[in-house]
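The values are calculated or read from the model by the stated rules, or taken from the named source; none is laboratory data. Please read all numbers here as calculations on a predicted model, not as lab measurements. Positions of Cβ are generated from backbone atoms using ideal geometry, with glycine treated the same way; all protein chains shown enter the neighbour counts. Calculation scope for accessible area: heavy atoms of the full protein, side chains included, ligands and nucleic acids excluded. Shrake-Rupley method; radii C 1.70, N 1.55, O 1.52, S 1.80 Å.
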Amino acid sequence: MTVQDDRARVRRAAVSIGLTVAVASALIIAGGVGLLLAVIVLNRRPEVGEHDGGFPRPGGDDDFVIDADRILPAVIVLGVIGVVLLAAVAWFAARRSVRPLGEALRLQRNFVADASHELRTPLTALTSRIQLLQRRHERGEPIDTTLRELRTDAAMMNDVLSDLLLAAEGGASAEAPASVDDAVAGAVQSVQPLAFEAGVSVRTETTGPLTVTLPSVTLTRVIVALLDNAIQHSPSGAEVAVRVAREGGAAAIRIVDRGSGIRGIAPADVFERFSRSAESGRRRSFGLGLSLVRDVAMRAGGGVEVESTSAAGTTLLLRLPLAS
């Protein structure tokens with residue numbers, strides 16, 4: 001969504017709210033005037049002259065008087081009702097007018113939180129590689145491989161940020177369908193420094209080449225989020241497995257860890273924003289990673305679920321439709 005689209009949306013909202021207030025106010029005023037006229041008509045009486053013996057004047061049907069004592073309370077009541085109704089219209093219009101602003105603020109907060117979370121893993125991996133590069137440089141060891149990995153990490157950060165911006169604008173990537181094997185390999189390489197620090201190994205199992213209807217960078221960051229979650233909750237010396245298989249018309253990607261399982265929360269709730277299991281990870285978690293995975297999977301026509309969880313570990317299953 002562009003700036004011009006936002007401005008057009010604000011203009012449409014302003015016109016709609018203005019028309020609503022105008023029509024509602026006109027109806028309230030017209031109704032009040034109608035009721036006041038009805039009260040006047042019902043409370044009128046013919047005019048009596050001073051020398052007519054207390055009888056109405058002949059032919060004086062067009063002359064009548066109104067008792068102010070009777071009309072004044074009705075006018076006050078109608079005025080109060082009109083003020084209350086106009087206040088209700090103003091309240092309704094105010095709520096409608098701020099609704100787009102509230103939605104914009106919600107989207108902005110979500111984007112900042114999502115971007116912060118999505119960039120956290122590449123930044124942590126980048127920091128680890130820089131530390132490794134420094135140690136190798138001090139010992140006089142070759143650093144060419146580490147430099148290439150640093151460039152790859154920096155490029156991935158740029159791709160992730162571009163992908164987030166594109167998703168926030170509601171656009172669609174023009175990239176070709178992604179190879180699952182390539183995305184898994186890229187994701188494993190990205191989280192390798194985190195796995196090394198945690199003392200966790202990552203193993204992949206594939207049954208053949210598969211392509212899914214997602215851009216490569218999006219699929220890679222989804223698998224990175226799943227691997228990062230598994231590494232955080234695996235004990236040192238454990239192994240995290242990535243198993244890829246074809247199941248019907250979908251690619252099934254399973255991430256298997258050897259943690260203590262999901263505790264203190266229903267398994268399905270781990271995909272809600274800001275939800276966290278009672279199991280503590282190695283790094284502070286904001287409960288965003290799995291919710292982002294679910295959002296991406298659902299937009300692609302797939303889904304993600306907790307296939308199993310116990311004290312022996314947890315298996316997360318990501319399903320994505322295969323590219324035709």
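So in region 287-315, with the set limited to residues that are touching a helix residue (DSSP H, G or I) at 6+ places or on another chain (Cβ under 6 Å) and either modelled with pLDDT of 95 or more or hydroxyl-bearing (S, T, Y) (or both), which one is nearest to V270 (Cα to Cα)?
Per the criteria, the residue is S291.
Anything in region 73-95 that is of a type in the set (A, V, I, L, M, F, W, C), without any contact (Cβ under 8 Å) to a residue 24 or more places away in the chain and either within 14 Å of V33 (Cα to Cα) or open to solvent by 70 Å² or more (accessible area, probe 1.4 Å) (or both)? List them, or say none. Give the derivation first.
Narrowing region 73-95 to residues of a type in the set (A, V, I, L, M, F, W, C): 74-78, 80-81, 83-94.
Then keep just the ones that are without any contact (Cβ under 8 Å) to a residue 24 or more places away in the chain; that gives 76-77, 80, 83-84, 87-88, 91, 94.
Result: I76, V77, V80, V83, V84, W91.
Given the criterion open to solvent by less than 60 Å² (accessible area, probe 1.4 Å), assigned to a loop (DSSP other than H, G, I, E, B) and at pLDDT 80 or above, identify the matching residue among G171, G208.
On the way: G171 fails: at pLDDT 80 or above.
From the options G171, G208, the qualifying one is G208.
Looking at Q131, Q189 in this structure, which one is in contact with a Ser or Thr (Cβ under 8 Å, 6 or more places away or on another chain) and modelled with pLDDT of 75 or more? Reasoning before the result, please.
Values: Q131 fails: in contact with a Ser or Thr (Cβ under 8 Å, 6 or more places away or on another chain).
Going through Q131, Q189 in turn, just one is in contact with a Ser or Thr (Cβ under 8 Å, 6 or more places away or on another chain) and modelled with pLDDT of 75 or more: Q189.
List every residue pair whose Cβ atoms sit under 6 Å apart, with the two residues 6 or more apart in sequence or on different chains, where the first one lies in region 197-222 and is closer than 21 Å to R120 by Cβ and hydrophobic (A, V, I, L, M, F, W, C) and the second, anywhere, is open to solvent by less than 20 Å² (accessible area, probe 1.4 Å) and assigned to a loop (DSSP other than H, G, I, E, B).
Once the first residue is closer than 21 Å to R120 by Cβ and hydrophobic (A, V, I, L, M, F, W, C) and sits in region 197-222, its partners that are open to solvent by less than 20 Å² (accessible area, probe 1.4 Å) and assigned to a loop (DSSP other than H, G, I, E, B) give V200/S234; V200/A238.
Let's see how each residue does on (1) among the charged types (D, E, K, R); (2) open to solvent by less than 20 Å² (accessible area, probe 1.4 Å); (3) part of a strand (DSSP E or B):
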{"position": "D181", "(1), (2), (3)": "yes, no, no"}
{"position": "A185", "(1), (2), (3)": "no, no, no"}
{"position": "S190", "(1), (2), (3)": "no, yes, no"}
{"position": "E197", "(1), (2), (3)": "yes, no, no"}
{"position": "T204", "(1), (2), (3)": "no, no, yes"}
{"position": "T220", "(1), (2), (3)": "no, yes, no"}
{"position": "P235", "(1), (2), (3)": "no, no, no"}
{"position": "R254", "(1), (2), (3)": "yes, no, yes"}
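Considering only region 295-309, state which residues are over 19 Å from I231 (Cβ atoms) and open to solvent by less than 60 Å² (accessible area, probe 1.4 Å).
As a first pass, look at region 295-309 and keep what is over 19 Å from I231 (Cβ atoms): 295-303, 305.
Result: D295, V296, A297, A300, G302, G303.
For A176, all conditions in the list (1) surrounded by fewer than 21 Cβ atoms within 10 Å (Cβ to Cβ); (2) at pLDDT 85 or above hold save one; what is the number of the exception?
With (1) surrounded by fewer than 21 Cβ atoms within 10 Å (Cβ to Cβ); (2) at pLDDT 85 or above applied to A176, the lone miss is (2).
Could you please let me know if E239 is acidic (D, E), within 12 Å of R258 (Cβ to Cβ) and modelled with pLDDT of 90 or more?
Numbers: acidic (D, E): yes; within 12 Å of R258 (Cβ to Cβ): yes; modelled with pLDDT of 90 or more: yes.
The answer is yes for E239.
Could you tell me whether any residue of region 264-286 is surrounded by fewer than 19 Cβ atoms within 10 Å (Cβ to Cβ), assigned to a strand (DSSP E or B) and either modelled with pLDDT of 95 or more or over 26 Å from the mean Cα position of the chain (by Cα) (or both)? Steps first, please.
The initial filter retains those residues of region 264-286 that are surrounded by fewer than 19 Cβ atoms within 10 Å (Cβ to Cβ), namely 264-269, 272-276, 278-284, 286.
Still in the running and assigned to a strand (DSSP E or B): none.
Looking for residues that are surrounded by fewer than 19 Cβ atoms within 10 Å (Cβ to Cβ), assigned to a strand (DSSP E or B) and either modelled with pLDDT of 95 or more or over 26 Å from the mean Cα position of the chain (by Cα) (or both), one finds none in region 264-286, hence no.
What's the total number of residues in region 134-168 that are modelled with pLDDT of 75 or more, surrounded by 17 or more Cβ atoms within 10 Å (Cβ to Cβ) and among the charged types (D, E, K, R)?
The total comes to 1.
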